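Just so you know, all these numbers are worked out from the coordinates, no wet-lab data involved. Please read all numbers here as calculations on a predicted model, not as lab measurements. We place every Cβ from the backbone using ideal geometry, glycine too, and count neighbours over all the protein chains shown.
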Amino acid sequence: MSITVQKFNPNTLSTPERMLAAARKVASTRRAGYKPVVVVPERSDAESRDLLEAVQEIVGEKARRPKGKPSKRELDVLLSVGEMQAAALFAIALSTLGEKANALSSRQAGIYTNQDGGITRIDTSWINKLLESHVIPIIPGAQGIEAATSDFVRFGDSSSDGAEITALELARALRGRYEVVTFFQEDYKPRIRAKERIGPEIVSLV
């Protein structure tokens, strides 16, 4: 069976009903004879905005103190929870359909970056182990682990953009097909146009 990397757009995850529809799409992909690997962004940009507003409130309280500005490292750790939350919820949605699924961390997914967020390598051993056990890996997009420091690193202009980068590189590493799944096809605008990369197949849930 060949591997299909499926990147889901935020509009497919924004409500429980849409997430269940997205999970049914993955289940149907598996029944069609493929091994799905799922990549998700955060469910809504509002999640990051709320977290950043909380940071601003804290920094504002301590604005007169030296070194009151938050570091990029801590912001990356903070904002990574949006994709992790989406991955865990997606795995739960699949389990309600009788599918075996595991939400992975960036380290478990083997996504390593440099300090600027460029993906330097992907160790697919754990993903392949899950696929061999008929477990669907759910991977948080837009984040990786810096090889030199083991720190979280986020990348992409947005969570969805970073998830697209994640899915593209995973498809290359796994030598699989690549799909972008969106709720309305007209909502999708390709963000990555580098000619040497894999072009996605666009799939609409409606």
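All other residues whose Cβ lies under 13 angstrom from that of residue 83 are scored, Lys and Arg at +1 and Asp and Glu at -1, for a net of -3.
From the mean inverse distance of alpha carbon pairs (Kirkwood) and the Cα radius of gyration, derive Rg over Rh for segment 133-183. Please list the in-between numbers first.
On the way: Rg = 12.3 Å, Rh = 12.2 Å.
Using only Cα positions, Rg/Rh for segment 133-183 is 1.01.
Stokes-Einstein, applied to the Kirkwood radius of segment 17-63 over Cα pairs at a viscosity of 1.002 mPa s and 20 °C, places its translational diffusion at 157 µm² s⁻¹.
Extension gain, residue 147 to residue 133: 0.36 nm times the residue separation minus the Cα-Cα distance gives 2.3 nm.
Sequence-ordered 3J(HN,Hα) estimates for segment 16-30 from the Karplus curve with 6.51, -1.76 and 1.60 and θ = phi - 60° stand at x, 5, 5, 5, 5, 5, 5, 5, 5, 4, 5, 4, 5, 4, 5 Hz, glycine and proline given as x.
Take the Cα radius of gyration of segment 3-192 and divide it by 2.2 N^0.38 Å, N being the number of residues; the result is 1.04. Applying the criteria of a DSSP loop state and at most 13 other Cβ atoms within 10 Å to the trypsin sites (Lys or Arg not before Pro) of segment 84-185 yields 100, 175. Convex hull volume of the C-alpha atoms in segment 35-143, normalised per residue: 101 Å³.
Remark: relative contact order (segment 3-143) = 27 percent; criterion is Cα-Cα distance under 8 angstrom and separation of 6 or more residues. Label zone of residue 1 (point 7 Å out along Cα→Cβ, amide N under 14 Å): in segment 113-128 this covers 128.
Counted by Cβ distance under 14 Å from residue 174, the other residues give a net charge of +3, where Lys and Arg count +1 and Asp and Glu count -1.
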